[in-house]
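So the structure is just underneath, and the comments pick up after that.
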Amino acid sequence: MNTRKLKRSSIRSTRGKFILVSAVSMTLVMLILFALLSLTLLGFVLLSAEQNVRMVEQMRGVLLTEDSAATDDFFPASQKISYVYTRFDNRTNEPVSTYTSMEDVYTYNDQVFLSRKIMSREQPEGYYGRMSYRVSDNGLYTTVTIVDMTQQLSVLRSVIYVAAIVMTLSVLMVMILIFFLSKWAMRPVERSIDRQKRFISDASHELKTPLAVISANADALEAEIGENRWLTNIKSESGTMNEMVLDLLDLAKLDETAGTLTMEEFDLSRTVMKKALEFESMAFEAGKRFEEKIEPNIRYRGSEPEIARLTAILIDNAIKHSNDGGLISISLNSDGAKRVLRVFNTGDGLRKADREKVFERFYRSDASRSRETGGYGLGLSIAKSIVDAHGGRISADCDEGKWVCFTAVL
């Protein structure tokens with residue numbers, strides 16, 4: 001049951017990212033297609049309007065019944081050109097003739113007024129509102145040809161509206177399909193996670209017995225022949241391996257129980273202070289300065305043993321990796337609903353590239369130094385697992401060669 005909860009949480013996160021990326025990609029593609037379709041149709045309408053203007057101009061405003069709009073292959077076949085054609089005498093600037101297919105919309109005075117307004121524009125052809133126009137001057141007469149695009153634009157708007165609905169529904173249908181298929185796609189990942197956890201747990205358990213036998217035999221041999229540097233190396237390395245195995249078991253246990261930790265309210269300030277005091281003497285013996293800046297009476301709901309362990313890991317890590325005579329500082333404060341635990345130490349610090357990788361299992365930014373200080377690349381992994389189990393986050397900040405600070409936000 002515990003494994004299932006952890007697996008569900010991990011897979012849900014990966015699956016959610018997969019669905020989000022798919023949704024964003026699909027939406028962007030559909031938006032690009034929608035924009036291209038809209039621009040193409042709009043360009044088609046404008047081009048057709050220009051053709052209609054030239055047709056009316058060529059026919060001098062008198063269209064026969066069979067003269068339909070140049071856009072009949074896109075718009076209804078019954079649709080005719082809606083136009084106004086006016087001819088002005090250049091000597092008197094008065095209209096000589098005017099024709100229109102929109103008698104129910106424009107009176108004679110309206111036609112003349114509109115034509116004069118178009119004629120006063122700087123551009124001899126172009127668009128004015130929902131109308132396409134062209135002004136021609138042959139020296140004696142000035143003709144103003146206007147084609148109204150209201151009907152065409154109305155049809156275009158309807159087509160775009162339908163296209164938008166179809167594309168939206170298509171995206172939704174594809175996302176629903178991805179939602180269900182993603183569960184199937186994640187099954188190999190689930191099996192891989194299960195195998196990895198079983199391997200870590202089984203291998204750790206299997207290694208405990210031979211390590212215990214090696215250590216016991218080394219002790220027995222030492223009792224017979226006395227101290228020997230080879231036996232000392234065997235005992236040291238078996239002890240190192242034993243600690244590593246215990247850490248692996250702890251990680252496996254955290255993975256198993258991440259969703260079922262007993263969460264209770266406790267005094268976080270007292271828990272952190274208690275752990276800090278346990279390490280104070282260790283720091284003093286190592287000739288390092290140690291200080292606490294712990295805000296009192298901070299309450300927190302979580303697993304007290306695991307939070308205590310988190311504090312111990314971070315302080316132990318700071319002591320091991322601080323420089324001679326360096327400073328170790330532990331601080332705890334509340335920030336709204338969050339609780340912020342910081343452990344700072346001077347020393348070589350981390351490379352900026354290592355700030356995220358340092359929480360990976362078995363990762364060492366400096367293998368030789370980790371070996372000297374007893375680090376195996378598991379302590380910070382355990383710390384991250386504890387923080388993750390409490391729904392928090394942990395990060396590392398540093399100034400390479402000067403200091404490093406680990407911050408856990410709970």
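The values are calculated or read from the model by the stated rules, or taken from the named source; none is laboratory data. On a predicted model such as this, the values are computed, not experimentally measured, just so you know. Here Cβ is always computed from backbone atoms with ideal geometry, including for glycine, and neighbour counts include all displayed protein chains. Remember, those area values only see protein heavy atoms, side chains included, never the ligands or the DNA or RNA. Shrake-Rupley method; radii C 1.70, N 1.55, O 1.52, S 1.80 Å.
Once the piece of chain linking MET173 and ASN233 is laid out straight, how much longer is it, given 0.36 nm per residue of separation minus the C-alpha distance between them?
15.1 nm
What are the equivalent ellipsoid semi-axes of segment 302-365, built from the alpha-carbon gyration tensor (square roots of five times its eigenvalues), in whole angstrom, biggest first?
Equivalent ellipsoid semi-axes, largest first: 22, 16, 13 Å.
For a quick check: with amide H placed at 1.01 Å from N, whose amide H comes under 5 Å from SER303's, ignoring anything fewer than 5 positions away on the same chain?
So SER303 has HN proximity to GLU264.
Taking the Cα-to-Cβ direction at ASP89 and at ILE19 and moving 7 Å from each Cα, how far apart do the two end points lie in nm?
7.7 nm
Which ³J(HN,Hα) values, rounded to whole Hz and listed in residue order, are derived for segment 116-133 from phi using the Karplus coefficients 6.51, -1.76 and 1.60 in 6.51 cos²θ - 1.76 cosθ + 1.60 with θ = phi - 60°, glycine and proline given as x?
These are the phi-based 3J(HN,Hα) values: 5, 5, 5, 5, 7, 6, 5, 7, x, 8, x, 10, 9, x, 9, 10, 9, 9 Hz.
Tell me, what HN-Hα J-couplings in whole Hz come from the Karplus equation 6.51 cos²θ - 1.76 cosθ + 1.60 at θ = phi - 60° for each residue of segment 337-348, using x for Gly and Pro?
Per-residue couplings from phi come out as 8, 9, 10, 10, 10, 10, 10, 10, 8, 7, x, 5 Hz.
Extension gain MET263-LEU246, at 0.36 nm per residue separation less the Cα-Cα distance, in nm? Before the final figure, lay out each step's value.
Numbers: separation 17, 0.36 × 17 = 6.12 nm, distance 2.40 nm.
This chain segment gains 3.7 nm when fully extended.
With labels modelled as points extended 7 Å from the Cα through the Cβ direction, what inter-label distance (nm, one decimal) is found for ALA223 paired with THR150?
It works out to 10.9 nm between the two label points.
Want the number for THR40 to ARG60: 0.36 nm per residue separation, take away the alpha-carbon distance, what's left? Write out the running numbers ahead of the final one.
Details: separation 20, 0.36 × 20 = 7.20 nm, distance 3.02 nm.
Stretched fully, the THR40-ARG60 segment lengthens by 4.2 nm.
Nearest 0.05, what FRET efficiency do ALA353 and VAL159 give at R0 = 56 Å with Cβ-Cβ as r?
Using R0 = 56 Å, I get an efficiency of 0.55.
If you roll a 1.4 Å probe over the heavy atoms of the protein chains, what accessible area per residue do you get for segment 74-172, in Å²?
I get 57 Å² per residue for segment 74-172.
Charges on Cβ only, +1 for Lys and Arg, -1 for Asp and Glu, centred on the Cα centroid of segment 118-178; of ILE118, GLN151, THR168, which one is farthest towards the dipole's positive end?
THR168
Take every DSSP beta bridge with both residues inside segment 290-354 and express the antiparallel ones as a percent of the total, to the nearest 5. It would help to have the intermediate numbers written out before the result.
Working: 8 of 13 bridges.
For segment 290-354, the DSSP antiparallel bridge percentage is about 60.
Search the structure for amide H atoms under 5 Å from the amide H of SER97, placed 1.01 Å from N in the peptide plane, and list their residues when 5 or more places away or on another chain.
ARG87
Convex hull volume of the Cα atoms in segment 79-190, per residue, in Å³? Numbers along the way, then the final one.
Details: hull volume 16.9 nm³, N = 112.
Per-residue hull volume (Cα only) is 151 Å³.
Suppose R0 equals 60 Å; then what is the FRET efficiency for TYR128 and PHE180 from their Cβ-Cβ distance, rounded to the nearest 0.05?
So the FRET efficiency works out to roughly 0.70.
Using each residue's phi in segment 263-271, evaluate 6.51 cos²θ - 1.76 cosθ + 1.60 at θ = phi - 60° and report the 3J(HN,Hα) Karplus result to the nearest Hz, with x for Gly and Pro.
Using θ = phi - 60°, the values come out as 9, 9, 7, 8, 7, 5, 4, 5, 5 Hz.
Let me check I've understood the local charge: for SER238, count other residues with C-beta under 13 angstrom from its C-beta, Lys and Arg +1, Asp and Glu -1. What total comes out?
In short, -2.
How far apart, in nanometres, would the label points at ALA216 and ARG116 be if each is projected 7 angstrom from Cα along the Cα-to-Cβ direction?
With each label placed 7 Å out from Cα toward Cβ, I get 11.6 nm.
Taking loop as defined by DSSP and a crowding limit of 13 other beta carbons within 10 Å, which GluC sites (Glu not before Pro) in segment 77-150 fit?
Details: sites: GLU103, GLU122, GLU125; in loops: GLU103, GLU122.
Those satisfying the criteria are GLU103, GLU122.
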